[in-house]
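Asks: Here you go, one structure.
The values are calculated or read from the model by the stated rules, or taken from the named source; none is laboratory data. Model, not experiment: these values are computed from the prediction. A quick note on method: Cβ atoms are made from the backbone with ideal geometry, for glycine too, and the neighbour counts reach across all protein chains shown. For the accessible areas, the whole protein counts, side chains as well, though only heavy atoms, and no ligand, DNA or RNA atoms are used. Shrake-Rupley method; radii C 1.70, N 1.55, O 1.52, S 1.80 Å.
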Amino acid sequence: MDKKELKDAKREYKRAKLFQETEPAEELARKLRQEQDDAAWADFESSVQDFLLKVKDLAGEVDAKARDLKEIMVEAALQPYLAKAKGLAVVARAAHRAGLTVMVFTGFTLEECRANPLPGVTELLAETDVLVDGPYLADRPERVRNWIGSANQRFRYFTDVYGPDIETDPAFRGQVEFRIEGDILRMNGCPRTLPSDFNLLCADEIVN
């Protein structure tokens with residue numbers, strides 16, 4: 001294998017292990033062991049097990065908190081590559097098992113996701129109730145619909161759990177999340193209006 005083939009094989013092995021595809025995983029393991037010495041294989045297998053454990057822990061967290069949640073939002077913050085889709089697919093599956101719904105955001109269009117699916121993308125879409133797709137365009141701000149930032153972005157409904165009414169439901173309008181991380185104040189969301197002393201308020205939060 002050349003470097004690219006080895007990288008692709010490792011990625012596909014991780015995906016097969018994650019989705020418990022025993023035969024493909026065993027075949028890929030055999031090929032990978034032929035291409036690496038024992039130490040390199042042991043390091044790689046250890047990294048795979050760490051990854052699987054993290055995904056399992058996160059999925060378990062979803063199960064544990066299901067009573068307090070109505071839905072789970074999976075932001076494909078792996079943008080623009082959707083590189084973590086295979087892990088998110090497992091988390092989304094756990095959410096559905098727990099009776100939650102799944103909303104996914106991605107900067108790709110649905111057509112791009114389907115035309116060139118990276119590992120886990122197909123599985124993640126299969127566990128998605130609502131997909132918001134398309135890149136954020138700062139010069140095309142969305143002023144009417146909830147959840148999204150720019151007018152080019154689209155809602156895709158894969159199940160009948162939700163419908164287009166959520167796009168304009170006042171209950172979801174103008175929601176903003178603030179996080180204080182040390183001396184940094186982060187804001188996520190798109191408020192309809194801001195108080196006149198907003199900048200001062202933020203500065204006070206950062207200082208204090």
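Asks: Out of the stretch 110-139, which residues are open to solvent by 60 Å² or more (accessible area, probe 1.4 Å), among the acidic types (Asp, Glu) and closer than 16 Å to residue 156 by Cα?
Replies: Correct list: 111, 112.
Asks: Can you list residue pairs whose Cβ atoms sit under 7 Å apart, with the first residue in the stretch 105-134 being under 14 Å from residue 15 (Cβ atoms) and the second being part of a strand (DSSP E or B)? Count only pairs 6 or more apart in sequence or on different chains.
Replies: Every condition considered, the pairs that remain are 124/104.
Asks: Tally up the residues in the stretch 1-11 that are in a loop (DSSP other than H, G, I, E, B) and surrounded by 15 or more Cβ atoms within 10 Å (Cβ to Cβ), please.
Replies: Applying the first criterion (in a loop (DSSP other than H, G, I, E, B)) to the stretch 1-11 yields 1-2.
From what's left, surrounded by 15 or more Cβ atoms within 10 Å (Cβ to Cβ): none.
Total meeting the criteria: 0.
Asks: Scanning the stretch 101-114 for residues that are under 22 Å from residue 150 (Cβ atoms) and among the hydrophobic types (A, V, I, L, M, F, W, C), which turns out modelled with the highest pLDDT? Lay out the reasoning, then the answer.
Replies: Going through the stretch 101-114, the residues under 22 Å from residue 150 (Cβ atoms) turn out to be 103-114.
The next check asks that each one be among the hydrophobic types (A, V, I, L, M, F, W, C); those that pass are 103-105, 108, 110, 113.
On the way: 103: 87, 104: 87, 105: 85, 108: 87, 110: 90, 113: 84.
Only one residue fits best here, namely 110.
Asks: Kindly indicate whether residue 166 is of a type outside the set (S, T, N, Q), open to solvent by less than 40 Å² (accessible area, probe 1.4 Å), under 16 Å from the mean Cα position of the chain (by Cα) and over 30 Å from residue 12 (Cβ atoms). Working first, answer last.
Replies: Details: of a type outside the set (S, T, N, Q): yes; open to solvent by less than 40 Å² (accessible area, probe 1.4 Å): yes; under 16 Å from the mean Cα position of the chain (by Cα): no; over 30 Å from residue 12 (Cβ atoms): yes.
No: the conditions fail for residue 166.
Asks: Give the number of residues within the stretch 12-46 that are assigned to a helix (DSSP H, G or I) and open to solvent by 100 Å² or more (accessible area, probe 1.4 Å). If you could, list the steps in order and put the result at the bottom.
Replies: Going through the stretch 12-46, the residues assigned to a helix (DSSP H, G or I) turn out to be 12-18, 22-35, 38-46.
If we keep only those that are open to solvent by 100 Å² or more (accessible area, probe 1.4 Å) as well, we get 23, 26, 30, 33-34, 38, 43.
Total meeting the criteria: 7.
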